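K.L.:
Have a look at this one.
Here, each number is a calculation from the coordinates, and none is a lab measurement. Not measured: the values here are computed from a predicted model. No Cβ is skipped: glycine too gets one built from the backbone with ideal geometry, and neighbour counts run over all protein chains shown.
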Amino acid sequence: MLRAAKRPVIIVGHGARFDMDVITVLAEELNCPAITTFKGKGLISDRHPLGGGVLGRSGTPIASWCMNEPDVLLVFGASFSNHTGITPKKPTIQVDFDPMILGKFHAIDVPVWGEIGVAARLLKDALSGEHNAIDQRPDLKERWAIWRTEKEGRMGDDQGKGINSASVFAAMTEHVPEDAIICVDVGNNTYSFGRYFECTRQAVLMSGYLGSIGFAYPAALGAWAATQEDDPRFKGRPVVAVSGDGGFGQYFAEVTTAVKYGMNITHSLLNNSEPGKISKEQRTGNWDVWQTSLHNPNLAKYAELCGALGIRVTKKEDLDGAITRALAHEGPATVEILTDVDLI
């Protein structure tokens, strides 16, 4: 199937995270896009000429375009959850080390039970110079240019109710270090992170199936603890948390833990005084928006009361300075950004 394919597409999920070197070489052999599930965000750089970003409801239009074009899908370590949006309408090869995952949600043309790195290496060797795939790099370059122009346009959106998410994650893309560990939460803030933040080689941590609101800050505590070990994969890496006010409200007393142990965690907190994803789901179901308003304290001041650095941002032109100051701070820092619940 792969030898005959002209426009194959590779999809990688979280299960492929330890084997991306060989999968990337395989994509380069086939000149084909490599797109990721949301949980696999960042496994291939968005700056790689074959990287297509995240697929699904929290993803990029580049990845959606890639899903419409292929004659074969080659999927490594992905669960095929509804959120991901892998179509059942394309011929599919699924590779996974867990036999219970193969064909779990719909029939697969070629299920391959095997260790992902081994399977990718065997495919690379077997296909070397023996395939009909066209070079899809020019298509991806064009699609990224269209999307970046669209993102820049969205950064100008202003309803007078807070900063738009496109501007927040443009600033984070600019300033978050390439080796950072980014822990994300659940909600519209996370969806916006998925579509707007451009990964280079950051590691992204999120809860399975985005089911655990409040995940980001406690996960950052754990990630920071890992950076204190001697393991070269983690030691000394900066840790960044991204959450909304609804998720952070579940565990905001943990700031005191971060202060107690001097944890160097930079927290980007998108505060729109609402669990906006719940409101959006209520509207989608044609229900009244019911009990989704939140009464928050000044969360930057709260962080200061706990002993952390707290910065409150109300204007998008202050984003760059606030984020760079927080990243440079030795110890926990929270950048509370007042955002528009609709501009996601």
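K.L.:
Against the empirical 2.2 N^0.38 Å scaling, what ratio does the C-alpha Rg of the range 42-145 come to?
P.N.:
1.10
K.L.:
Taking the chain as the region of interest, what is the percent of Cα-Cα pairs per 20 angstrom bin, listed from the shortest bin to the one with the maximum distance?
P.N.:
Per 20 Å bin, starting at 0, the Cα pair percentages come out as 31, 55, 15, 0.
K.L.:
Go through the range 40-46 residue by residue and turn each phi into a ³J(HN,Hα) via Karplus (6.51, -1.76, 1.60, θ = phi - 60°); whole Hz please, and just put x for glycine and proline.
P.N.:
x, 3, x, 5, 10, 4, 6
K.L.:
Which value in deg cm²/dmol, rounded to the nearest 500, describes the helix-derived mean residue ellipticity at 222 nm for the chain, given -39,500 (n - 2.57) per DSSP H run of n ≥ 4 and division by the residue count?
P.N.:
Rounded to the nearest 500, it is -10500 deg cm²/dmol.
K.L.:
Using the Kirkwood radius over C-alpha pairs as Rh, can you work out the diffusion coefficient of the range 1-62 via Stokes-Einstein at 25 °C, viscosity 0.890 mPa s, in µm² per second?
P.N.:
210
K.L.:
Sort Phe105, Phe248 so that the residue with the fewest other Cβ atoms within 10 Å of its own Cβ comes first and the one with the most comes last.
P.N.:
Least to most surrounded, the residues fall as Phe105, Phe248.
K.L.:
Check which residues have an amide H placed less than 5 Å from Cys183's amide H, if you skip close sequence neighbours.
P.N.:
Leu205, Val240, Ala241, Val242
K.L.:
May I pose another question? Ranked by Cβ crowding within 10 angstrom, fewest neighbours first, how are Asp109, Asp342, Asp46, Asp185 ordered?
P.N.:
The fewest-first ordering by Cβ neighbours comes to Asp109, Asp342, Asp46, Asp185.
K.L.:
Efficiency by 1/(1 + (r/R0)^6): what FRET value for Asp125 and Asp98, r their Cβ-Cβ distance, R0 = 25 Å, to the nearest 0.05?
P.N.:
Plugging the Cβ-Cβ distance into 1/(1 + (r/R0)^6) gives 0.55.
K.L.:
Another one. Could you tell me the convex hull volume per residue, in Å³, taken over the Cα atoms of the range 155-338?
P.N.:
Dividing the Cα hull volume of the range 155-338 by its residues yields 115 Å³.
K.L.:
May I ask you to list the lysines whose Cα is less than 28 Å away from that of Lys280, ignoring any residue fewer than eight positions away on the same chain?
P.N.:
Lys39, Lys41, Lys151, Lys161, Lys315, Lys316
K.L.:
For the chain, modelled as a GNM with alpha-carbon contacts under 10 angstrom, which of Leu73, Leu123, Leu205 fluctuates the most?
P.N.:
So, out of Leu73, Leu123, Leu205, the one fluctuating most is Leu123.
K.L.:
Return Phe215, Phe76 ranked ascending by Cβ neighbour count within 10 Å, so the fewest neighbours appear first.
P.N.:
Ranking Phe215, Phe76 by Cβ neighbours within 10 Å, fewest first, gives Phe215, Phe76.
K.L.:
Additional query: The range 228-277 to the range 20-70: how many Å between their Cα centroids?
P.N.:
That distance is 28 Å.
K.L.:
Test of the criteria: in the range 270-344, which GluC sites (Glu not before Pro) are in a DSSP loop and have at most 10 other Cβ atoms within 10 angstrom of their Cβ?
P.N.:
Listed in order of number, the matching sites are Glu330.
K.L.:
In addition: Between Asp320 and Glu304, what is 0.36 nm times their sequence separation minus the Cα-Cα distance? Round to one decimal in nm.
P.N.:
3.7 nm
K.L.:
Apply 1/(1 + (r/R0)^6) to the Cβ-Cβ distance of Lys141 and Asp21, taking R0 = 30 Å, and write down the FRET efficiency to the nearest 0.05.
P.N.:
According to the calculation, E is roughly 0.85.
K.L.:
At R0 = 45 Å, how high is the FRET efficiency between Ala107 and Arg154 if r is their beta carbon distance? Nearest 0.05 is fine.
P.N.:
After rounding, the FRET efficiency stands at 0.70.
K.L.:
Same structure, new question: Measure nothing but the geometry: give the 0 to 90° angle between the long axis through the Cα atoms of 20-30 and the longest principal axis through the Cα atoms of the chain, rounded to 10°.
P.N.:
Relative to the chain, helix 20-30 is tipped by roughly 50 degrees.
K.L.:
Give me, ordered by chain and number, the residues 5 or more places off Gly310 or on other chains with an amide H under 5 Å from its own placed amide H.
P.N.:
Glu304, Thr334
K.L.:
If I fit a long axis through the Cα atoms of helix 116-127 and take the longest principal axis of the Cα atoms of the chain, what angle between them do I get, 0 to 90°, rounded to 10?
P.N.:
40
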